[in-house]
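Worksheet: the structure to be examined is printed underneath.
The values are calculated or read from the model by the stated rules, or taken from the named source; none is laboratory data. Quick caveat: nothing in here was measured; it's all calculated off a predicted structure. Note that each Cβ is placed from the backbone with ideal geometry, even for glycine, and that neighbours are counted across all protein chains shown. Side chains are part of the model used for accessible areas, which takes the heavy atoms of the whole protein and leaves out ligands, DNA and RNA. Shrake-Rupley method; radii C 1.70, N 1.55, O 1.52, S 1.80 Å.
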Amino acid sequence: ILGLLGVSGRIFKELSYIKSTHTEIEFHLTIFLRSDIFKYIQLAAREPDKMEVSRLLWTDEEILFRIIEERFVKLSGGKYRKDSLFTKFFARTVNGVDVKQFIGNSIFPRPRDLIYFCKSCKDIAVSRGHEIITEPDVLQAYKDYSSWIFKSLLVENNVFTNQMEDFLFELVGGNNIITRADITKYMKSCKMNFAEEEDVEKFIDHLVDLTILGREVKKGVFEFEY
């Protein structure tokens, strides 16, 4: 993958030169990488600071939901408008919260997470014979998504593989906000070996990279990788 990233830049430069000789070329080259994969590639690169990249951020919920709404319009053959998805085919609220807000609050703000959640809602509603996606369908999809994201975190994990699942279960049973002392206690409980405080800090960095944890940047305010 690192080689592919390197050669893509040369392809762009060479084709730019050909275009400058008044030869008509329609060409676009875009390489999308998951952020956790890119982090490992940076470790292997001789000059990671010279890698030209743009990070896709999905902090704007309206832009994120456009992904699923535009798909809906396309699949309907233009029969429906994009706002019809959540007004005609979803329950209006879930646990007293607007359904879009509930979904947005329940997922990591990434396209694959939104697509998985909505597809799960649809599959559950179809299997139950519902004409629209009901509140219980969304709540069941939330459970399915939680299980899926838990498994994906294990797959993306590359440190303490044997004990990571036990550590995550410790987090599931704990508070939403945890201290460094809590993390150290959970590590000891799961028999994770760490000789120095530096090992604990590296593990915390890894949990932050995986978006399992967000750091407290000021009192009561937490920032996640996304």
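What are the extents of the Cα atoms of the chain along their three principal axes, listed from largest to smallest and rounded to whole Å?
Largest first, the chain extends 67, 55, 34 Å along its Cα principal axes.
How much length, in nm to one decimal, is gained on full extension between F150 and V208, taken as 0.36 nm per residue of separation minus their Cα-Cα distance? Display every interim value, and only then the final one.
Working: separation 58, 0.36 × 58 = 20.88 nm, distance 1.50 nm.
Stretched fully, the F150-V208 segment lengthens by 19.4 nm.
Grab the beta carbon distance between E70 and H28, set R0 = 25 Å, and tell me the FRET efficiency rounded to 0.05. Intermediate values should be presented prior to the final figure.
Numbers: r = 19 Å, r/R0 = 0.77.
E between E70 and H28, to the nearest 0.05, is 0.85.
Given 0.36 nm per residue, what is the gain on full extension from Y17 to S35 after removing their alpha carbon distance, in nm? Don't skip to the answer; put the middle values down first.
Values: separation 18, 0.36 × 18 = 6.48 nm, distance 3.13 nm.
Between Y17 and S35, full extension yields an extra 3.4 nm.
Assuming a strict under-14 Å limit between Cα atoms, what lysine pair count do you get for the stretch 60-123 once near-sequence pairs (fewer than 8 apart, same chain) are dropped? The partial results should precede the final answer.
Working: K74/K82; K79/K88; K82/K100; K88/K100; K88/K122.
Count of close lysine pairs: 5.
In the chain, what percent of the accessible surface is made up of carbon and sulfur (1.4 Å probe, ligands and nucleic acids excluded)?
Numbers: 8240 of 15580 Å².
Its accessible area is 53 percent carbon and sulfur atoms.
Determine, from the Cβ-Cβ distance of L2 and D60 and an R0 of 30 Å, the FRET efficiency 1/(1 + (r/R0)^6), rounded to the nearest 0.05.
Values: r = 31 Å, r/R0 = 1.03.
The pair L2/D60 has a calculated efficiency of 0.45.
Indicate the gyration tensor shape class of the stretch 9-119 (rounded, prolate or oblate), computed on the Cα atoms with a ≥ b ≥ c the square roots of the eigenvalues: a/c under 1.5 is rounded; otherwise a/b larger than b/c is prolate and the rest oblate.
Oblate, because a/c is 1.5 or more while a/b does not exceed b/c.
Rounded to the nearest 500 deg cm²/dmol, what is the calculated helix-only ellipticity per residue at 222 nm for the chain, with -39500 (n - 2.57) per DSSP H run of length n ≥ 4?
Working: 10 runs with 130 residues, N = 226.
Only helices count here, giving -18000 deg cm²/dmol.
Simple spin-label model, 7 Å along Cα-to-Cβ: E135 to L43 in nm?
Simple spin-label model gives 4.6 nm for this pair.
Rounded, prolate or oblate for the stretch 72-130? Axes are the square roots of the Cα gyration tensor eigenvalues, ordered a ≥ b ≥ c, and the cut-off for rounded is a/c under 1.5. List each step's numbers first, then the result.
Working: a/c = 1.36, a/b = 1.26, b/c = 1.08.
In terms of gyration-tensor shape, rounded.
Give the accessible surface of the chain per residue, rounded to a whole number of Å², with probe radius 1.4 Å and ligands, DNA and RNA excluded. Let's see the in-between values first.
Numbers: 15580 Å² over 226 residues.
Normalised by residue count, the accessible surface of the chain is 69 Å².
Could you state how much accessible area T59 has, in square angstrom rounded to the nearest 10, with a 1.4 Å probe and all protein chains kept in place?
About 110 Å², ignoring ligands and nucleic acids.
Can you pull the accessible area of Y80 for me, 1.4 Å probe, Å² to the nearest 10?
60 Å²
Spin-label point model (7 Å from Cα, Cβ direction): what's the R10 to K119 distance in nm?
Calculated label separation equals 3.6 nm.
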